[in-house]
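Reading through the structure tokens given below for one structure.
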2 protein chains.
Amino acid sequence: MTTTATTLKGQSLDRQTLDAMLRRRLFFTPAFEIYGGVAGLFDYGPPGCSLQANIVDLWRKHFILEEDMLEIDTTVLTPHEVLKTSGHVDKFADWMCKDPKNGDILRADHFVEDVLESRLKGDKEARGEKVEEEDDPKKKKKRKTKTEAVKLDDAVVQEYEEVLAKIDNYNGAELGELIKKYELKNPATGVEPSPPVAFNLMFQTSIGPSSNLAGYLRPETAQGQFLNFAKLLDFNMQQMPFASASIGRSYRNEISPRAGLLRVREFLMAEIEHFVDPEGGKKHHRFPEVDAIELTLLDRHTQLAGKTDVKKMTIGDAVRNKVVDNETLGYFLARIHLFLQKIGVDMSKVRFRQHMQNEMAHYAADCWDAELLTSSGWIECVGCADRSAYDLSVHAKKTGAPLVVRERLDEPRVFEEWQVEIDKKKFGPQFKKDGKTVEAALEATTQEQREKLAKQLADNGELELEVAGVGNGTVKVSKDLVKVEFRKRVENTREYTPNVIEPSFGIGRILYSLIEHVYWNRATEDGGDEARGVLSFPPTVAPTKVLIVPLSANKQFQPFINKISQKLRKIGISARVDSSSATIGKRYSRNDELGTPLGVTIDFQTVQDSTITLRDRDSTKQVRADEDTIVAAIQSLVTGAKEWKDVAAELPAFEGQEVEVTVR
Amino acid sequence: MTTTATTLKGQSLDRQTLDAMLRRRLFFTPAFEIYGGVAGLFDYGPPGCSLQANIVDLWRKHFILEEDMLEIDTTVLTPHEVLKTSGHVDKFADWMCKDPKNGDILRADHFVEDVLESRLKGDKEARGEKVEEEDDPKKKKKRKTKTEAVKLDDAVVQEYEEVLAKIDNYNGAELGELIKKYELKNPATGVEPSPPVAFNLMFQTSIGPSSNLAGYLRPETAQGQFLNFAKLLDFNMQQMPFASASIGRSYRNEISPRAGLLRVREFLMAEIEHFVDPEGGKKHHRFPEVDAIELTLLDRHTQLAGKTDVKKMTIGDAVRNKVVDNETLGYFLARIHLFLQKIGVDMSKVRFRQHMQNEMAHYAADCWDAELLTSSGWIECVGCADRSAYDLSVHAKKTGAPLVVRERLDEPRVFEEWQVEIDKKKFGPQFKKDGKTVEAALEATTQEQREKLAKQLADNGELELEVAGVGNGTVKVSKDLVKVEFRKRVENTREYTPNVIEPSFGIGRILYSLIEHVYWNRATEDGGDEARGVLSFPPTVAPTKVLIVPLSANKQFQPFINKISQKLRKIGISARVDSSSATIGKRYSRNDELGTPLGVTIDFQTVQDSTITLRDRDSTKQVRADEDTIVAAIQSLVTGAKEWKDVAAELPAFEGQEVEVTVR
């Protein structure tokens, strides 16, 4: 497994050069830059926007269409009560410290991480060891701490390393203890920050003109799906299991956004909520199709032991060995793996990491993240959580809505049990305003209590029940108002709250990580002196598929440009014409930076015999043939039916060097 | 022009029945309904979500791809300063009244409209005239006012009608005067509401952990495009004109959301900002392509005269006659017309209405709305505004960013003019802290003033200038500090701020209006007794293209279901299988409600000879052929290459009645 950031060709990845290229080519750009920008907010320019749309399109085909998921589109604005019930108002928070001297606001876990890493680096320097750019790129972030070469005890080094391996597992109090214990100071002031306090990450607003309905911008699309569960089940004609899916923006008011697109305040998510019967081990009928797929796993136990060693394992074995809890969770891990592969992610830079207990969101029963290795370390790009019945249960309890599945039983179930039967007509007049309370208390009794109450009724003609808040706290109910009897109950239907398996994708993080994975530098490779960045996107996700370049601005070329453009547009393939006065080589280079996989040149030979050349971005090899043959080749490359080597084998190579004459 | 709401087949449209169908089939549904819902927030279920995606997809092809627009994706969160500069903080407001008795909050223009309309209706009743459901469906909204049959003077009736025709043209003070003048009372309390006050429609929040950066949810996507103008111009290699485009959500905190999807607080917009040179009459090079397209226009003058009569006119004539200001604006009106036609809107229910002066947004120089006739009246679905150079100018002024185009002139321009030349080295020491102010005052002088100042310098060796706030308000500058001379100036480049033509689409409003336009009732048509709703979407926008129905749950049919599903999926055509136990007729009916244009039946003959039937939703006619022939027919229908009548002419009709046997 690679531990320092590299390009697709194994070159060392220079983040500054890449970032400059991405901004220059307008993949993305800080939002409101002419106003000085706002941390954590980015706009996508044309290539980024198109790349995003292509990833989303593939996602929709890979997940939604493949499994007939029910796609819905819900609102971002969410009233307080919904997120109070879901637990987000109370628990969706990060730990924040404040520097009492200069007012700096620090995210507690990042602060502890930064200072300890800096000390470890200083220790290495003091020992005269070679300090790699970073030991573990997971930790490579914009460091605020200046490293000082101070040697540490061996035991201290080990302790720090163990803390770092499980940094995601500490709560606020524990982070506060670490700050005290290791005397961690804010490097900007030399002062120890205040103890961590929870900072809720939701953006708040108020809805309506009278400002009395508090609301938030959703932190995830999931809640909108849960709230529509009963309607979706109806729409699916009561068939289980099924999945809903949503693609839309979510918002998190990050304490200290950093690392470009990797930690932003507004982002596009694609989330699936797969509803499954909790009985029967959460099997999945398509699991056999993925059984043999090998994943790279980093489980909870390894991390808690202070290690980061991964295991390679088929998902079938992982489920059978209980490394991964159940088939449905496993099925989606494998599907996520296949999706990442399809869009062009470097699979040697992917691992699935299991969450530790304290790290899991408040709703999760188990959770695995697909992490992608980048120059900012291992980045969580997809979460795959088993949310159990948590969300449906809390919303049902709060609203009384029946967020359940009713299933007709093939064989009725028979129960024998103590049952309470209340004569409601007499009950009301007797207890007046307390009627409901007493009724509820009776209904809430256990089987054991009921057995005793039945005996009281039989013996005394009345029962005695403790009901807080009614009279002196003890209520007597006579036998003409209530019966308590041991009876048989037959159930023909079964009612249950489904469990939810949730694969949740951060599209922006995937997009950025993918860019790093497909980026390389042609100059370094060829020994040239000028850096020439290339983005080797697969044709399916590339923002533009074909660059059309006329040899020069000669008017003779225009009809050919128009014809090929129209032909490509008609078959839905996005193309761009570059008839600028730059050299052909320069124009191709510019489009290598945009990741355009194919190029078509129109030259004087085209005018004579209507043939055009087709260039492959990655090899820079060219072939030449008539227009229709080239268009057919383009289509087969873009749909993935063929690879370049197939086309190169079929069509005559074109050896004419890229013309470097400056043309007007 | 129709004046009452009708279905596609001219039947009277029953809004309740349609709404019930749309909710039952989960096109859309009130958000957070199990929590009681929030006014103005809706979720789209699977068919609505798919319909929305198809409309957006066609929009992208019709506008962005067709004209190589630069699509970008910007953030919703927007800092205060940006929207302060754009004018939204001060001016993006509606007029709101409060009932002093019960605290009701009323939108002032809607309130005036409601009460006056109610009085007019009462007048008609008193005169014994036939009261149509609504005289003008523009005014048909959920009426709060109970109508009383009271006869009005003829002059009063005319006055009310004139007020209503220009209701969109009143400002807050004027609405307040109308309320006083006509003694308008809140029907709920019989009390006159408070004078209208401005209520800003933007949702506010704060960004970052220290809560000190105020922000809003964007009310339009436009600002994000303007702020990126310089980068987009670069990306477009300095070529003008060009357009950017954005598809994304925007937010308006409506005072009183109503009418379902037509007035909501969170909505999807698709906006184009076309940047054009203000010199040369804003010509458009593709205008000849649309010149002959006939539009239905309702101009400003007609409305101000208290009328709503439309004129039919080709866009060519409209521009030549100055009804529409310029070619670029006209070009986009025609393109909007073509888009609406393409997605299936009933073009007899479309008009383009010009904004009146007071009605226009603060940034607009001219504006036309494409309005669609629905059961809620004429609904603004697309706005097409000439925003002039307003936005780019204010942002450039505020930030100092050069949001301009620099164009090399073929022939240099020569100016002869009075120029001021300041000796800055001497200027500072002489005027100290006032230096900059005096300098600015000198630079700001007009040609006329400069001629006089030059004379003063020549005559007195110094000039006298009024500079507010410096000394006693008059400053003397001697000739060794400043020269004022008549000189020649040569410009090789021209610098200008582009004007912006902005077509802006409310996707939700278009979606809902389209549904009303394609809705009809088969039962009424056929004389049957049960209402059977049909949505006759064109295949391109229909949520699902093909319904696959096996005759029964017989296992023999399964392989055929799988085969046809896979074939359709492979060519990217969305299909659904309905193997429920309902009758075939019932299953087809259900899918008529979803607007599925085509149906395939698999029956016992299929098992024998592999033929299947294909059904047309609108005519309910069927043909029968082998699987590949039917798949090819489906493809040609879905892409629009053929219509049903072509297919019906080519393939043998299938006369077997829909089987009404109940199957399991």
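The values are calculated or read from the model by the stated rules, or taken from the named source; none is laboratory data. From a predicted model like this one, the values you see are computed outputs, not experimental measurements. Cβ coordinates were reconstructed from backbone atoms using ideal geometry, including for glycine residues, and neighbour counts include every protein chain displayed. Remember, those area values only see protein heavy atoms, side chains included, never the ligands or the DNA or RNA. Shrake-Rupley method; radii C 1.70, N 1.55, O 1.52, S 1.80 Å.
The table that follows gives values for the structure above.
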{"read-out": "Matching residues in the range B:327-344 - criterion: being open to solvent by 10 Å² or more (accessible area, probe 1.4 Å) and in contact (Cβ under 8 Å) with a residue 24 or more places away in the chain", "value": "B:E327, B:R335, B:H337, B:L338, B:K342, B:G344"}
{"read-out": "Test set (1) over 24 Å from B:K61 (Cα atoms); (2) open to solvent by less than 10 Å² (accessible area, probe 1.4 Å); (3) away from chain B (no Cβ under 14 Å) - A:R587 fails condition number", "value": "(3)"}
{"read-out": "Pair list, Cβ < 6 Å and 6+ apart or interchain, from the range A:108-119 residues that are open to solvent by less than 20 Å² (accessible area, probe 1.4 Å) to residues that are of a type in the set (S, T, Y) and at pLDDT 90 or above", "value": "A:L116/A:Y160"}
{"read-out": "Filtered residue count, the range A:14-34, keeping only those that are in contact with a strand residue (DSSP E or B) (Cβ under 8 Å, 6 or more places away or on another chain) and within 12 Å of another protein chain (Cβ to nearest Cβ)", "value": "7"}
{"read-out": "Every residue from the range B:471-508 that is without any contact (Cβ under 8 Å) to a residue 12 or more places away in the chain and open to solvent by less than 70 Å² (accessible area, probe 1.4 Å)", "value": "B:G473, B:T474"}
{"read-out": "Residue list for the range A:44-55, restricted to those being touching a helix residue (DSSP H, G or I) at 6+ places or on another chain (Cβ under 9 Å) and at the interface with chain B (Cβ under 7 Å from one of its Cβ atoms)", "value": "A:Y44, A:G45, A:P46, A:Q52"}
{"read-out": "Residue match in the range A:188-199 (condition: out of contact with any Leu (no Cβ under 7 Å at 6 or more places or on another chain), at the interface with another protein chain (Cβ under 10 Å from one of its Cβ atoms) and not hydroxyl-bearing (S, T, Y))", "value": "yes"}
{"read-out": "Checklist (1) within 24 Å of B:G248 (Cα to Cα); (2) touching a Leu at 6+ places or on another chain (Cβ under 9 Å) applied to B:E502, failing item", "value": "(2)"}
{"read-out": "Those residues of the range B:56-83 which are in contact (Cβ under 8 Å) with a residue 24 or more places away in the chain and at the interface with chain A (Cβ under 7 Å from one of its Cβ atoms), in sequence order", "value": "B:L70, B:E71, B:I72, B:D73, B:T74, B:T75, B:V76, B:L77, B:P79, B:E81, B:V82"}
{"read-out": "Helices (runs of 4 or more DSSP H) completely within the range B:286-342 that count 2 or more residues being small (G, A, S)", "value": "B:315-320"}
{"read-out": "Scope the range A:398-414; condition part of a loop (DSSP other than H, G, I, E, B) and either hydrophobic (A, V, I, L, M, F, W, C) or free of Cβ contacts under 8 Å to residues at least 40 places away in the same chain (or both); matching residues", "value": "A:G400, A:A401, A:L403, A:V404"}
{"read-out": "Yes/no for A:L41 being facing chain B (nearest Cβ under 8 Å), in contact with a Lys or Arg (Cβ under 7 Å, 6 or more places away or on another chain) and of a type in the set (A, V, I, L, M)", "value": "yes"}
{"read-out": "Subset of the range A:1-33 [over 21 Å from A:L340 (Cα atoms) and open to solvent by 50 Å² or more (accessible area, probe 1.4 Å)]", "value": "A:S12, A:D14, A:Q16, A:T17, A:A20, A:R23, A:R24, A:E33"}
{"read-out": "In the range B:254-285, residue most open to solvent (accessible area, probe 1.4 Å) [restricted to those that are aliphatic (A, V, I, L, M) and outside any loop (DSSP other than H, G, I, E, B)]", "value": "B:L268"}
{"read-out": "Subset of the range A:84-95 (residues that are within 10 Å of another protein chain (Cβ to nearest Cβ) and of a type outside the set (D, E, K, R))", "value": "A:T85"}
{"read-out": "Any hit, the range A:551-567, residues being farther than 24 Å from B:E67 by Cβ and of a type in the set (A, V, I, L, M)", "value": "yes"}
{"read-out": "Count - residues of the range B:436-470 that are under 50 Å from the mean Cα position of the chain (by Cα) and open to solvent by less than 40 Å² (accessible area, probe 1.4 Å)", "value": "7"}
{"read-out": "Looking only at the range A:374-397, and only at residues there that are acidic (D, E) and in a strand (DSSP E or B), the one that is most open to solvent (accessible area, probe 1.4 Å)", "value": "A:E380"}
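The rows are residues; the columns are (1) over 20 Å from A:G585 (Cα atoms); (2) surrounded by fewer than 17 Cβ atoms within 10 Å (Cβ to Cβ).
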position	(1), (2)
A:S619	no, yes
A:V623	no, no
A:E627	yes, no
A:V631	yes, no
A:V647	yes, no
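A quick yes/no check of all residues on (1) within 14 Å of chain A (Cβ to nearest Cβ); (2) of a type outside the set (F, W, Y):
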{"residue": "B:G215", "(1), (2)": "yes, yes"}
{"residue": "B:K231", "(1), (2)": "yes, yes"}
{"residue": "B:F235", "(1), (2)": "yes, no"}
{"residue": "B:P241", "(1), (2)": "no, yes"}
{"residue": "B:H285", "(1), (2)": "no, yes"}
{"residue": "B:L297", "(1), (2)": "no, yes"}
